[in-house]
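As structure tokens, the structure follows; a few thoughts come after it.
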Amino acid sequence: MQYSARRPGFRYSFASVYEALMPLVEKAGLAKRRQELLSQVSGRVLEIGAGTGFNLSHYPEDVQLVVVEPNPEMLVILRSKAAGRNIEIIEGSVEDLSSSGIAPKSFDFVVSTFVLCSVPDPDEALRTVSAMLAPGGKFVFLEHVVTPGVYELVQNLATPLWKRVAGGCHLNRDLLGSLDNSQMVVTTLFRFNFPLGRPLIPHGIMGTARLKSDFFA
Ligand SMILES: C[S@@+](CC[C@H](N)C(=O)[O-])C[C@H]1O[C@@H](n2cnc3c(N)ncnc32)[C@H](O)[C@@H]1O
């Protein structure tokens, strides 16, 4: 189905607002981060919470891409962007992947961009990510996180309203803490100023994590 911003029912959804506003942020620098993150992936790749598909144009052509997305309105736009490409789209949540028939330990890369802020439980999502990674595989992420200090105060105050209008997004999650507690270890980490993000989303993180079992028997 071809997506059109004018289709009735889409005008005020989170998906249509996201699709309309994000190009400003992409042009202001986020697209460059996506490109840096995704130019390194290869082989069999799982993207969780693919949204409206802002990452699709940044993948190397020869990856075997599987994407999962639960939001039906996001899915309409995602399917439209993926049309004609060899991309497997799974409708559902990351937490459901283990029971979806997708083989665990079968992905060379798992990708998450601005998803762990929105999942109901980041620790559970990271357990699934770990379960999906093949030995030697990499979890590559681009996320926004809590910024300690005055910004944290703003993020704590704004999150209850923000998550209602922004698809469940929490501004104040300590995702590096969640990664520390996961079955993975962060192997590269880069912090950046989030384009047009102040004061709610001042900083982002970009990095790579690998299974602890790759290092410790
Ligand atoms: C802020 S959007 C980011 C979309 C996209 N990853 C991007 O970089 O533009 C957050 C996405 O996470 C998805 N999401 C929320 N909860 C999820 C879950 N439990 N499992 C998978 N995706 C989820 C939402 O539907 C939405 O598409």
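The values are calculated or read from the model by the stated rules, or taken from the named source; none is laboratory data. Remember, predicted model here, so these are calculated numbers, not experimental data. Quick reminder, even Gly has a Cβ in these numbers, built from the backbone with ideal geometry, and neighbours come from all protein chains shown.
Table for the structure above
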{"read-out": "Pairs with Cβ under 6 Å, 6+ apart, first in the range 170-193 and closer than 13 Å to Ala209 by Cβ, second acidic (Asp, Glu)", "value": "Leu175/Glu143; Ser178/Asp123"}
{"read-out": "Where Glu143 falls short, out of the listed (1) part of a helix (DSSP H, G or I); (2) among the acidic types (Asp, Glu); (3) under 15 Å from the mean Cα position of the chain (by Cα)", "value": "(1)"}
{"read-out": "The one condition in (1) hydrophobic (A, V, I, L, M, F, W, C); (2) modelled with pLDDT of 95 or more; (3) not in a loop (DSSP other than H, G, I, E, B) that Val115 fails to fulfil", "value": "(3)"}
{"read-out": "Scope the range 48-83; condition more than 7 Å from the ligand (Cβ to nearest atom), more than 20 Å from Pro23 (Cα to Cα) and under 16 Å from the mean Cα position of the chain (by Cα); matching residues", "value": "Leu65, Val66, Val67"}
{"read-out": "Test set (1) within 16 Å of the ligand (Cβ to nearest atom); (2) buried (at least 16 other Cβ atoms within 10 Å of the Cβ); (3) outside any strand (DSSP E or B); (4) at negative phi - Leu179 fails condition number", "value": "(1)"}
{"read-out": "Residue in the range 118-135 that is farthest from the ligand (Cβ to nearest atom), counting only those that are of a type in the set (S, T, N, Q) and assigned to a helix (DSSP H, G or I)", "value": "Ser130"}
{"read-out": "Leading residue by the ranking (surrounded by the most Cβ atoms within 10 Å (Cβ to Cβ)) among those in the range 198-211 that are out of contact with any Leu (no Cβ under 6 Å at 6 or more places or on another chain) and without any contact (Cβ under 8 Å) to a residue 60 or more places away in the chain", "value": "Ile201"}
